[in-house]
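First the structure, in the form of structure tokens, and then the observations on it.
Throughout, read-outs are computed from the coordinates displayed, never taken from laboratory work. All figures in this text were calculated on a predicted structure; none of them were measured in a lab. Ideal geometry is used to build each Cβ from the backbone, glycine not excepted, and the neighbour counts take in all protein chains shown.
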Amino acid sequence: MSRSPRAPRALLLALALLPLASGCGAEAAPAPVCGFTIEESYPHDPEAFTQGLFFADGVLYESTGRKGQSRVFKRTLQSTAPLVEGALDPTFFGEGSVAWGDQVISLTWRDGMAYRWDRTTLKPIKLFPVAGEGWGLTIHEDTIYQSDGSSRLTLRDPETFASTGTLEVTDEGRPVARLNELEWIDGEIWANVWMSERIARIDPETGVVKSWVDLSGLTAKSGARTADDVLNGIAWDAKKDRIFVTGKNWDTLYQITPDCP
Ligand SMILES: [Ca+2]
């Protein structure tokens, strides 16, 4: 009887690779996918092409896109009517926004400019250049996190808007691209992924996705009319620990609770 000399060699190779393979697998396991519960539903302006959303001062702040329709405004949970609003230059396409001190800072998509607004009146204070694409913004203490449609978040100094670092976001060891609207929620960065119904819950130290919130079905439920009408808004009321989500031109804003802790 003759045995193929290749078999033992292949077996040895497989055995040699086994610890490495299992080690990698353990480190890069896919993040769990969780469902959600709708706690409350509130109205959302179906004409608002939502690009930024956050909750502060007891109200919602929203920033919207599209040239000629881009604005930042405050509204209550119960009504879509703006309490106060500011309009961007009509040639600009508005994007994400964040509050810092007595200001609101908002991005434009590909116009290379960003705004500082008076937090109370939403009158523009300053227009300043920012390189690259602007997508989402959120803030924790003195660090602003900005997305640009890639898998990498840029950390910024809120006073100067200078970059202070980057955070590569990964799941299963692979980059998670198209990160869009952001929210700092209780020690995590939440980011919805453009053109999907998923929100990544990101470890802000490592960039690793800890879990996914799968909001499947919410877009259709929200009166989305076109393929552009995607999930794109996450806000957190830190005082009452309430999480809100909405989307571009959705007719509803939802308070949700993820099924994962
Ligand atoms: Ca947000």
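Is region 33-258 rounded, prolate or oblate when judged by the Cα gyration tensor, a ≥ b ≥ c being the square roots of its eigenvalues, rounded requiring a/c under 1.5 and prolate requiring a/b larger than b/c?
It is rounded, given that a/c, with a ≥ b ≥ c, falls under 1.5.
Determine the calculated [θ] at 222 nm for the chain from helices alone, applying -39500 (n - 2.57) to every DSSP H run no shorter than 4 residues and normalising by the residue count; nearest 500 deg cm²/dmol.
Helix-only estimate at 222 nm: -3000 deg cm²/dmol.
Structure shown: which of Lys74/Lys126; Lys126/Lys239; Lys123/Lys221 lie over 24 Å apart, alpha-carbon to alpha-carbon?
Table pairs above 24 Å Cα-Cα are Lys126/Lys239; Lys123/Lys221.
Using a Gaussian network model of the chain with C-alpha springs under 10 Å, which one of Gly233, Gly132, Gly207 is most mobile by mean-square fluctuation?
Gly132
Mean separation of Cα pairs under 8 Å and 6+ residues apart, divided by the residue count of the chain: what relative contact order is that in percent?
Over the chain, the number comes to 19 percent.
What whole-number distance in Å separates the alpha-carbon centres of region 85-132 and region 28-65?
Answer, in whole Å: 20.
Within the chain, what is the longest stretch that has no trypsin sites (Lys or Arg not before Pro) placed in a DSSP loop and near at most 13 other beta-carbon atoms within 10 Å?
For trypsin sites (Lys or Arg not before Pro) (loop position, at most 13 other Cβ atoms within 10 Å), the longest site-free span of the chain is 111-224.
Return one number: the angle in degrees, 0 to 90 and rounded to the nearest 10, between the long axis of the Cα atoms of helix 6-27 and the longest principal axis of the Cα atoms of the chain.
That helix lies at roughly 30 degrees to the long axis.
Going by how many other beta carbons lie within 10 Å of each one, how would you line up Ile199, Ile38, fewest first?
Ascending number of Cβ neighbours within 10 Å: Ile38, Ile199.
Note down the nm distance, to one decimal, between modelled labels 7 Å out along Cα→Cβ at Ser163 and at Glu39.
3.7
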